Amino acid sequence: MSDFEHAPVLLKEICSMAQDKSCVVDCTVGGGGHAAAFTGMGVSVLGIDRDRDALEVARQRLGDSAELYQGTFDSPGAMEQISHFGPDFVLMDLGVSSWHLDSDERGFSFREKVRLDMRMDETAELDASTVLNSYAESDLERVFRDYGDERKARALARTVVRRRARAAFKTSDDLVGAIRATLGPRSGPPEFARLFQAVRIEVNSELFQLAESLPRLLEALQPGGILAVISYHSGEDRIVKHTFAEWASRCVCPPTIPICSCRGEALGERITRKPVTASPEECEVNPRARSAKLRGFRKRDK
Ligand SMILES: C[S@@+](CC[C@H](N)C(=O)[O-])C[C@H]1O[C@@H](n2cnc3c(N)ncnc32)[C@H](O)[C@@H]1O
């Protein structure tokens, strides 16, 4: 562990989970930070990302030391690669890269006059302006409520629908204007960040893809292998927490059934009862780390 002695808490924890492993799949390779730590430990790495630009950065950083695949981690192509690779450690570091948020061209930011896009894969059809300009009011309400935890979701959806009838939503200013008009002039960056994130989650189908992929990743893991997930949104963490708890329980029959008719044994064990979070120093340097939660699950040996 000496190499990571001074590394941030989460990276240290991840490297300790991957310590005696030999085949690692990084489902969200991004700029290749974690993957570089894995290759530095001498393990084989398969890195996946849906974003071409991210993969290019990872390719430059990792060279030939890792295999790379472009696609969503739940796609049949990615799953085939993962199963074929036979990992004993799988990492998901969810959400977007910081440079996604920093680059105005990709349309994730609430800075002024940024075109509303938010697609992690630029070839995907659905973008943020399509969501805001074409979704039914009830669907917009669902997005703001379920992914943005917004109490005034219905009112905000109504504002968007009213405003788009006058002029289509094209830039960040349009969504910021709708948020301000609904939540009041005191609303600021925390509200914008939360509600822009809600639209991004919808555009990229993030929670659905996470929920779909977890059982398939468990299946692809070697016996005794570890699945580790870092989430940044309460909805993501809820899915991971409940899935790991369900896998760790011996019986998942409804309480009304008198005799157990389910699998009757745990699929493995949680290796983090409580999520691992970043240290205060780490959050100071990297404010995004504040919402990070790491959970791990070990698949049973046979
Ligand atoms: C937080 S960043 C990962 C950073 C990376 N761990 C590193 O060390 O540089 C998340 C990455 O996951 C990718 N991503 C998010 N959802 C994905 C999905 N469903 N399938 C594939 N890649 C995804 C994003 O494009 C982004 O590059």
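For the condition surrounded by fewer than 17 Cβ atoms within 10 Å (Cβ to Cβ), of a type outside the set (Ser, Thr, Tyr) and either touching a residue at least 24 places away in the same chain (Cβ under 8 Å) or part of a helix (DSSP H, G or I) (or both), what is the one hit in Pro215, Pro258, Pro254?
On the way: Pro258 fails: either touching a residue at least 24 places away in the same chain (Cβ under 8 Å) or part of a helix (DSSP H, G or I) (or both); Pro254 fails: either touching a residue at least 24 places away in the same chain (Cβ under 8 Å) or part of a helix (DSSP H, G or I) (or both).
Result of the check over Pro215, Pro258, Pro254: Pro215.
Need the failing condition index for Met41 against (1) more than 8 Å from the ligand (Cβ to nearest atom); (2) aliphatic (A, V, I, L, M); (3) buried (at least 21 other Cβ atoms within 10 Å of the Cβ), just the number.
In the conditions (1) more than 8 Å from the ligand (Cβ to nearest atom); (2) aliphatic (A, V, I, L, M); (3) buried (at least 21 other Cβ atoms within 10 Å of the Cβ), Met41 misses (3) alone.
Can you name the condition, by its number, that Gly63 falls short on among (1) assigned to a helix (DSSP H, G or I); (2) buried (at least 17 other Cβ atoms within 10 Å of the Cβ)?
(2)
In segment 218-251, how many are assigned to a loop (DSSP other than H, G, I, E, B) and among the small types (Gly, Ala, Ser)? Full working, then the answer.
Keep residues of segment 218-251 that are assigned to a loop (DSSP other than H, G, I, E, B), which gives 221-225, 232-233, 249-251.
Filter again for among the small types (Gly, Ala, Ser), leaving 224-225, 249.
Final tally of qualifying residues: 3.
What's the total number of residues in segment 58-83 that are near the ligand (Cβ under 8 Å from one of its atoms) and aliphatic (A, V, I, L, M)?
Summing the residues that are near the ligand (Cβ under 8 Å from one of its atoms) and aliphatic (A, V, I, L, M) in segment 58-83 gives 2.
Which of the residues spanning segment 97-121 are out of contact with any Leu (no Cβ under 9 Å at 6 or more places or on another chain), within 15 Å of the ligand (Cβ to nearest atom), under 27 Å from Val161 (Cβ atoms) and not hydrophobic (A, V, I, L, M, F, W, C)?
Residues satisfying the conditions are Arg106, Asp117.
Before we move on, is Ser16 over 25 Å from Met120 (Cβ atoms) and not in a loop (DSSP other than H, G, I, E, B)?
It is true that Ser16 is over 25 Å from Met120 (Cβ atoms) and not in a loop (DSSP other than H, G, I, E, B).
No lab work stands behind these numbers, since they all come straight from the coordinates. Not measured: the values here are computed from a predicted model. Positions of Cβ are generated from backbone atoms using ideal geometry, with glycine treated the same way; all protein chains shown enter the neighbour counts.
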